[in-house]
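The values are calculated or read from the model by the stated rules, or taken from the named source; none is laboratory data. All of these numbers come straight from a predicted model, not from anything done at the bench. Here the Cβ positions follow ideal geometry from the backbone for every residue, glycine too, while neighbour counts run over all protein chains shown. Protein only, heavy atoms only, side chains kept; ligands, DNA and RNA dropped before computing areas. Shrake-Rupley method; radii C 1.70, N 1.55, O 1.52, S 1.80 Å.
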Amino acid sequence: MELLAAIGSQESDPTDDTISLEGYLLRGNEDSFRVVVAGLVLEFRNSDLLGLSEQPEPVDRPMVVAARLKIRRPATLLSVSDADAYKPLIEPKIEPFAYATRPSAPPMQAAPRFDALQEAFKRKLGLT
């Protein structure tokens, strides 16, 4: 349903012989290309691609090529797969404010003096 909404949301004339998609372009085989749309990776033949325009590149995602594609209708869909493997490239990592503003201090180091005092305290109370 999400894919249909993504395809249907593109301003295209129903009498037009093309399908308009906006997504993230991926490399395919030598005679195909892949595009990530609505959480899916769709693979089409190169011969079905009628037009391609690169969209402005997101600043926080330099490895991704956002594109608007015009594909011949009916196009041969070679494969459909889940886009979870590409999520780190497509979706920026959102870091909570508390982590983003925290000074980068090293984790706690071993404290032999503290350990000795703690052990003495436990022995004194008969906890060990």
Would the stretch 49-68 turn up any residue that is free of Cβ contacts under 8 Å to residues at least 40 places away in the same chain, basic (Lys, Arg) and open to solvent by 60 Å² or more (accessible area, probe 1.4 Å)? no
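Quick check on the stretch 62-69. Is at least one of its residues more than 22 Å from LEU26 (Cβ to Cβ) and either under 29 Å from the mean Cα position of the chain (by Cα) or modelled with pLDDT under 85 (or both)? Talk me through it step by step, then tell me what you get.
Step one: list which residues in the stretch 62-69 are more than 22 Å from LEU26 (Cβ to Cβ), which gives none.
Checked against the condition, which is being more than 22 Å from LEU26 (Cβ to Cβ) and either under 29 Å from the mean Cα position of the chain (by Cα) or modelled with pLDDT under 85 (or both), the stretch 62-69 yields no hits at all.
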Criterion violated by THR15 - all others in (1) of a type in the set (Ser, Thr, Tyr); (2) farther than 21 Å from ALA83 by Cα; (3) modelled with pLDDT of 80 or more satisfied: (3)
Within the stretch 62-75, how many residues are part of a loop (DSSP other than H, G, I, E, B) and in contact with a helix residue (DSSP H, G or I) (Cβ under 6 Å, 6 or more places away or on another chain)? 3
Selection status of LYS87, free of Cβ contacts under 8 Å to residues at least 24 places away in the same chain, assigned to a loop (DSSP other than H, G, I, E, B) and surrounded by fewer than 16 Cβ atoms within 10 Å (Cβ to Cβ): no
